[in-house]
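Trainee: I have a structure I would like to understand better, so I am pasting it below and will then ask my questions one at a time.
The values are calculated or read from the model by the stated rules, or taken from the named source; none is laboratory data. None of the values given here were measured: they were computed from a predicted structure. Glycine gets a Cβ as well: all are built from the backbone with ideal geometry, and neighbour counts include every protein chain shown.
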Amino acid sequence: MEQILANGVYLGSQYAMIALGLTLIFALMNVLNFAHGQMYVIGGFVTYTFYGQLGVPFVLALLMSCISLAILGALIEKFLFAPVIKGSKREESTMLLAAGIAFLLDALILLIFGEKQRGVPKIIDGVFNWDFRVIMPYDRILICVLAILSIICFICFMQYSKTGRALRALAQDRTAAQLMGVNVDRYSMIGFALGAMLAGLVGGLLVTITGINLGMGGPTSIKAFMMVMIGGAGVISGAIAGGIILGFMEAIGLAVLSQYGDITYLLIFVSLMIFLAIRPQGLMGKPWG
Amino acid sequence: MQRRALMKAAMIAMSMTALQTTTALAENPVLKIGFVGVTSGPAASWGISNQRSMETRAAWINETGGYKIGDTTYDIEIVSFDDQKDPKRAIAGMEKMAQEGIHYVVGPNVDDGAAAVRPVAEANGIMYFPYAFPKSLYTKPASNAILGMVANYQSGPAIYKYLMKEKGVKTVAFIAANESDPLSQRDSGVAAAKALGLDVVSDNVTYQVDTTDFTPVLTPIMRERPDLLVLSGVSPANAPQLIRSARELGFQGVISTETAQDAGVLTEGAGDLANGFISVGGASTPELASPMMIEFVDRYTKMFGEYNDESNTKVYALEYILETLKADPAAITDVTAFQTTMDRFEAPNPYMKGDAKLRYVGMSSFGQRRQVAVPLVVNVFQDGAFETLFVAEVD
């Protein structure tokens, strides 16, 4: 039981981090960013390159992932999403654009980083073993703590900084925010950059545990969408709740149901369908959007 | 005036380039060989190592004047199609090969793709070399598929026997991804282990293909404390993570798989924790590699920046096609002639030291010669490189 709880906390914290960036972008721009998983993968590859290949300290490599993805996100918003949002009244235009970007990034990742699974040296050696009741390598514990700290920092940033307040205002009501003097174009770009940066950060953190390969993007996006659907699209606290719930469901399912084969995700998907039929807006989303 | 001169120069340059290209192509007629396999997504590594092996060898042949079949010397052109591991796309790929008049195709990489393309291949006179294990592809009435590697039901028993004898292995646990290939490989592995008298303590733990953290998945198996953990049909992307998680959970036994792996990926993903990991490889270990294999690795590395050890098994298919065509030039457009030649074909294996031969086998497993005779090389990973554990032959 203790091991299931530990696995749940660990998985939940990393999933929540993945979902945060996606839900932020959705809240600000009403864009379903299908390329979120690819951004996560690029973040992982940047940390791999700097930390694993060039020997740069891990923290600096992580910072490079954040900066690279923030710049990439800002450029994508400014030159791709912003013109499409302005020029098209149809919401599916941004969805198609996001899907196109996902394919493009996949192709670029293959060209630049290759097809192989990549990994980096462990940041801490050793395994925490509490009488075989809880076994957890120290690097997982560290990454879990860093993920939780990052989530807290992000919440504080959104709650107390001027930029965070502007972003929240934008998420609540774009027109009202504009009327209150918020530069909508600028903050949309900052918000997208922040969402992409979060994807890069979690990619950089997790490359130390799971490694990285070009195929991870699509599945990561799907999981992120599931978390956002559970918690409520566009709600920060909902994304965190969705990530933690999915993490615990996975940890419990894998431990309890392993003897029946791989039915954990089957049950998670069935539960999600029933849940959405009853509460389509998710746990914390508003029924009106 | 200046603009007109510039236009004229550009036109001349374009004409010259076109003429040069035509002249280059006109030097030798071109023999097209197809590749239909997965070169994108999580399993991209399997198909890309295939495609790049073929492209490396083709470039090498073309650079050295072409490949002589009968009285004609051909340049080799590789026509590739990414099936994205989707059977529907694999069919589309095989149809494209048929439209281009290609009769020899390497791939697909997985079971369902290989099964899906069978009607297209047989209807259009295409011989294809899948990396998929279902026996129905290679036994009669199937006629056009040739297994391009050693199947797990051939390598598994050999590995288990070795481990029972040398390491005293008595109990075994299997883990597989929840996909057709790994699951069927697990099932045949379980059957082989039971037939050898091993106690199978766990055979129902599976994981999603996109799993990135295997600690929760492996925890139930670790409670059974098996002597041997078999990673059935594991992809190179998942192998290091599974090994690392198992070792971190305190697993002391042997870990093995029947798929080909890459030493660099294992080093980066699992480091020393991967020491002792047993997998099926090809002929690139120093004990076995011929000068031609060494040159192949060198050319591949120069062409693509980095070698992939999975290519040790993938290097063979194109060589088999070309050598068989050389043995019977009529087979270039007539796959029936190719099939007839297969029964008596034999040529030196250029990639291995010693007197190893290229020939078609499979009488024991399929009742007809529908498998390339690649050596069953079982490797063990040690300190960043593979060492040859033992070599066996398959028929």
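Trainee: Could you list, ordered by first residue, the pairs with Cβ atoms under 9 Å in which the first is in region B:375-395 and among the acidic types (Asp, Glu) and the second is assigned to a strand (DSSP E or B), at least 6 apart or interchain?
Mentor: B:Glu387/B:Asn379; B:Glu387/B:Val380; B:Glu387/B:Phe381; B:Glu393/B:Val361; B:Glu393/B:Leu376; B:Asp395/B:Val361; B:Asp395/B:Gln371
Trainee: Criterion first (of a type in the set (A, V, I, L, M), under 22 Å from A:Gly37 (Cα atoms), within 12 Å of chain B (Cβ to nearest Cβ) and surrounded by 13 or more Cβ atoms within 10 Å (Cβ to Cβ)) does A:Leu104 satisfy it? Break it down into steps so the answer makes sense when it comes.
Mentor: On the way: of a type in the set (A, V, I, L, M): yes; under 22 Å from A:Gly37 (Cα atoms): yes; within 12 Å of chain B (Cβ to nearest Cβ): no; surrounded by 13 or more Cβ atoms within 10 Å (Cβ to Cβ): yes.
Spelling it out, it is not the case that A:Leu104 is of a type in the set (A, V, I, L, M), under 22 Å from A:Gly37 (Cα atoms), within 12 Å of chain B (Cβ to nearest Cβ) and surrounded by 13 or more Cβ atoms within 10 Å (Cβ to Cβ).
Trainee: Given the conditions (1) closer than 24 Å to A:Leu5 by Cα; (2) small (Gly, Ala, Ser); (3) touching a Lys or Arg at 6+ places or on another chain (Cβ under 9 Å), which single one is not true for A:Gly203?
Mentor: (3)
Trainee: Test A:Ile25 against the stated conditions and say whether it is crowded, with 24+ Cβ neighbours inside 10 Å and modelled with pLDDT of 95 or more.
Mentor: Numbers: crowded, with 24+ Cβ neighbours inside 10 Å: yes; modelled with pLDDT of 95 or more: no.
No.
Trainee: So, one more: Could you tell me whether B:Asp83 is buried (at least 24 other Cβ atoms within 10 Å of the Cβ), acidic (Asp, Glu) and at pLDDT below 95?
Mentor: Working: buried (at least 24 other Cβ atoms within 10 Å of the Cβ): yes; acidic (Asp, Glu): yes; at pLDDT below 95: yes.
So B:Asp83 passes the test.
Trainee: Out of all the residues in region A:85-92, is one or more crowded, with 16+ Cβ neighbours inside 10 Å, outside any helix (DSSP H, G or I) and either in contact (Cβ under 8 Å) with a residue 12 or more places away in the chain or small (Gly, Ala, Ser) (or both)?
Mentor: Checking region A:85-92: not a single residue is crowded, with 16+ Cβ neighbours inside 10 Å, outside any helix (DSSP H, G or I) and either in contact (Cβ under 8 Å) with a residue 12 or more places away in the chain or small (Gly, Ala, Ser) (or both).
Trainee: Residue by residue through region B:135-178, note down the ones that are surrounded by 21 or more Cβ atoms within 10 Å (Cβ to Cβ) and in a loop (DSSP other than H, G, I, E, B).
Mentor: Those that are surrounded by 21 or more Cβ atoms within 10 Å (Cβ to Cβ) and in a loop (DSSP other than H, G, I, E, B): B:Tyr138, B:Asn144, B:Ile146, B:Gly148, B:Met149, B:Val150, B:Ala151, B:Val169.
Trainee: Condition first: facing chain B (nearest Cβ under 10 Å) and under 16 Å from A:Ala16 (Cα atoms). Now tell me which residues in region A:125-148 satisfy that.
Mentor: Correct list: A:Arg140 only.
Trainee: Take region B:243-258 and flag every residue that is of a type in the set (A, V, I, L, M), surrounded by fewer than 24 Cβ atoms within 10 Å (Cβ to Cβ) and either facing chain A (nearest Cβ under 9 Å) or within 24 Å of A:Gly114 (Cβ to Cβ) (or both).
Mentor: Listed by number, the list holds a single entry, B:Leu249.
Trainee: Within region B:256-266, does at least one residue satisfy the condition of being among the aliphatic types (A, V, I, L, M) and not in a helix (DSSP H, G or I)?
Mentor: Yes.
Trainee: Restricting to region A:108-127, name every residue that is surrounded by 13 or more Cβ atoms within 10 Å (Cβ to Cβ) and outside any loop (DSSP other than H, G, I, E, B).
Mentor: Matches in region A:108-127: A:Leu108, A:Ile109, A:Leu110, A:Phe113, A:Arg118, A:Val127.
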